[in-house]
Structure formats: C-alpha cells, structure tokens
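Down below is the structure, laid out as structure tokens.
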Amino acid sequence: MSPARFEPLASAAPLIVYIDYKSPYAYLAKDPTCAIGEELGIEIDWRPFTLDIPSYLGSARLDREGRVVESRRSAGQWAMVKYAYRDARRYGSMRGLIVRGTTKIWDSSLAGIGMLFAKEQGKAVLRAYSDLVYQRFWKRELDIEDATVIERVLGEAGAHTSGFQDYLAGEGRAIHDEIQRAAFDAGIFGVPTYVAGGEIFFGREHLPRIRWILTGRRGAPPDVAYESSSSAGLVTGAPVPLQVAIDFKSPHAYLALAPTCAIADALGIVVDWQPFLVAPWKTPAPPSPADDRGIRHRRFRAEYIERDLMRYATDRGLMIRGLHRQTDSALAALGLLWVKRVSPSLARDYAERVFEGHFRETLDIEDERAIRALLAGMGAPVSGFDTFIAGEGRAELERVQSELHEAGVFDVPTYRLNNELFLGRQHLTLIRRLLETAA
C-alpha cells in the first residue's frame, strides 16, 4: 500500500474494517468480526483510523484513582463518555475481557503504524499484534505512545522488527497520515467502521447485516443487534415491567418500538413507556472552507445517522418524513402520561399511533386538539385532559425527566432493567435473555 494509491472505500477484500486501539467499542468488535471472516472464509482488510476525540467529544484527564483533574467536556459529553465505558465493560465482562477506563486521551497513531507494519507480514502476525495491543492497553499495561514498546509487541506477535523505527518515522507515518486524511474526507468519522457491498456501517451492531451482505443478501435483511453473549451476573431480581424511555420525535425510538413490542408479546410482559424529551434533530450547516475537523465530524456523523435510519426504516416499510422538523414533543409526552394514568392498557396503542402519525406527518403532536382526538378515537377518557396538561401533568413530566436524568438517561430509546441502562435497540438480544432468565 502506498499513499498515492490508497482508496478509503475500496479493497480487494470483501470487507474493510477501520479500528483504533484506544476505542473500547473497536476492541469489542474485533473478535466477532474475525469470527465472521473465519466462518465465511473471507479476507478482512483491517485499517487504522486514529480518532481525534477532543475535536468532537471534548477532552479530560484523570488521576490514577479516576478523579477528574482537567476537563473540557460538557455535561452531555460526560454522560455519553461514562455510559460508553459502562456499556463496554458490561459486554467485555460477558466475554472475559478487561476494559479499564483510560486516564487521558491517548495518541494511538504509533500503534496504528505498528498495525500497518504487522499487516505487511501476514494475517497471523496482524491478529497476534492486535490481540496483544488491545488486551494490554485496556488493562492499562501498555504505553501505546512509546515506539520501543510498540516494537517489542510486534516482536512478540511474530513480526520481523528490523527497520521498524525507520518505517515509523518515514513510510509508515506517511501511509498512516494519508489513510486518516482520505478516510475522513470519505465520511469515516469513528470506529469500528465497516465497508461492505459499497455501504458504510458504523458500529458492531451492524454485523448481522454485514454478514447478510457478505452471504449474498438472501432473505430479509436483519436489524441491528449486538452479538449474543452470556448474561450471567448482569441483572439481579425480576426486571419486570420493562421500562423504556422514548421521545415521540425521535426516529431511533420509533425504530425500536416494534421489536420491543415483539419481545414483550413473546414473553408476555408489560412495557412501561416513559417519556423523555431530547434535543431536536440538528440539521448540519452547509460545508464551508472554514470548517474545522470538529464541525466536519459532526456533519459526517449526522449525515451517516440519517442514511442509517432510512436504511433500516425502508427495510421494515416504515415511513419517516420531516426528520429535520424542530418539533416540541412535550404535549405528546403529556398524552402518554395521561393514558398511563386513566387507561394504562392503552399506553402501547397510544405510542404506536403517535409515532406513526408523527413520522407520516398525519398527526400534529404540537396540537392539543389533535392529541385529544387521537385519545378519544382509541377509547381513552378525555374528560380532564386539558386541566391535566395545563398543571398537574406538567409537574409530573418534570418529575419523570428529573428521575430519568438522575438514573443516567440522556438519550432515547433507553431500556432500564433494575439498575442497568441500555441505550439503543441493538441491546434487545441481551435484554430478551435477561428477561427470560428472570422469568
């Protein structure tokens, strides 16, 4: 590979995977991705993508005891980071992997160049190198910013290390930097990112679909899902009812509705739908020559998420219109609280009707008359609804928001099983297992 010939979305291999050794999610993706490659007998083109985390998620530094000694992160950014590490540790523990939080944001470019060096010496050397780097880094036993340490790991992985230091300073750095530039310009913004069948997928939750693509797209395309793993020790007690935080303006929550209901029906359990208001969808500003990396990153991420939403919505025949509307969903949330109070058995019906009406643009969820008509049409009492939404309902909605925030909820859909939080429908495989175990 040379910088001049690098194509970020093209390869002789049927699957491209971009990873960064400082990403816990890329660490968790490594083994299930390798398993697909081995099962199907295909080559995987592994490529380094060194994340510039401060440009989009702020920066922070912790002491060895985990106390924050320096921070340039907002409360929202901290919530995302803390959840990400809890989630990574959860899935890591189910596979016997140790994922310890880092004390700073590392420059992982040396490890990425080491990956390129190992890759030139064959699949076995690359696999052994990645295994060693990931295992030791996430145990806090490896300094990935030390060139001598990287060279030593390469040797342990079976690589011939003669010339590595020259490669690191010359050709390897040039190739690495060109990969970063070209991949980012092509819309790669995070890891793990997969390129299969001409499509880009961010996150290991897409592995079911990637496998479907690699095996000829036979049958219906699968939904997102994390790999199936043991759930031993994650949740104690009986996690029923299943609590799900939703916002009626969220397309992610809409896509989660049907598969969540399917699990509830299969297991004969009740879902406690809880309203949680999130920020409206942000429309990226048009590109400008003055855009810095952070602005471009946020645009690439937003554009990818929109494509991904439409991809999975189309699979299921769901219509999603008006994605960029700046909608106030508080009234629809109050309607949910009202139904839960006066006719709890109709809460699911209400959620289904509101989601469908909003995204088909046949229901104005900011119109009190429209919400009242929907309630009446589904057989829910409406006497007292106007008084409820003007006073007591508002107070109840604020209380619910506060309780969810305190529990660690910051986005939707979030599933709650006792003290465990799961953001996104990709967790439904594990959630179902937990519910079956508790039954």
Requested in this report: Can you work out which of the residues in the stretch 310-343 that are closer than 20 Å to residue 399 by Cα and small (Gly, Ala, Ser) is surrounded by the fewest Cβ atoms within 10 Å (Cβ to Cβ)?
Outcome: 330
Requested in this report: Identify, from the list 363, 375, the residue that is surrounded by 15 or more Cβ atoms within 10 Å (Cβ to Cβ) and either out of contact with any helix residue (DSSP H, G or I) (no Cβ under 6 Å at 6 or more places or on another chain) or under 17 Å from residue 272 (Cβ atoms) (or both).
Outcome: 375
Query raised in the report: Is it fair to say residue 140 is touching a Lys or Arg at 6+ places or on another chain (Cβ under 6 Å), in the same structural domain as residue 17 (by TED's automatic domain parsing), surrounded by fewer than 17 Cβ atoms within 10 Å (Cβ to Cβ) and among the basic types (Lys, Arg)?
Result: yes
Report task. Would you tally the residues in the stretch 246-291 being free of Cβ contacts under 8 Å to residues at least 24 places away in the same chain and within 19 Å of the chain's Cα centre (by Cα)? Result -> 2
Report summary line: So, first residue closer than 15 Å to residue 340 by Cα in the stretch 373-396, second residue acidic (Asp, Glu) and surrounded by fewer than 18 Cβ atoms within 10 Å (Cβ to Cβ), Cβ within less than 6 Å, six or more apart or across chains; the pairs are 378/349
Query raised in the report: What strands (runs of 3 or more DSSP E) completely inside the stretch 1-75 contain at least 1 residues that are modelled with pLDDT of 95 or more?
Result: 15-19, 44-48
Report summary line: The one condition residue 291 fails out of (1) surrounded by fewer than 17 Cβ atoms within 10 Å (Cβ to Cβ); (2) closer than 20 Å to residue 357 by Cα is (2)
Requested in this report: Restricting attention to the stretch 84-136, report how many residues are surrounded by fewer than 16 Cβ atoms within 10 Å (Cβ to Cβ), of a type in the set (A, V, I, L, M, F, W, C) and not in a loop (DSSP other than H, G, I, E, B).
Outcome: 1
Query raised in the report: What do you reckon, is residue 394 among the basic types (Lys, Arg) and modelled with pLDDT of 95 or more?
Result: yes
Requested in this report: Select the helices (runs of 4 or more DSSP H) contained entirely in the stretch 164-232, then report the ones holding at least 3 residues which are under 29 Å from residue 296 (Cβ atoms) and acidic (Asp, Glu).
Outcome: 171-185
Query raised in the report: Could you say which residue among 410, 388 is of a type in the set (Phe, Trp, Tyr) and over 22 Å from residue 259 (Cβ atoms)?
Result: 388
Requested in this report: Scan the stretch 362-370 and give yes if some residue there is within 17 Å of residue 250 (Cβ to Cβ), among the β-branched types (Val, Ile, Thr) and touching a Ser or Thr at 6+ places or on another chain (Cβ under 7 Å), otherwise no.
Outcome: yes
Query raised in the report: Being within 23 Å of the chain's Cα centre (by Cα) and at pLDDT 95 or above, is that true of even one residue in the stretch 322-342?
Result: no
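The values are calculated or read from the model by the stated rules, or taken from the named source; none is laboratory data. Predicted model, so just to flag it, every value in this text is computed and none were measured. Here Cβ is always computed from backbone atoms with ideal geometry, including for glycine, and neighbour counts include all displayed protein chains.
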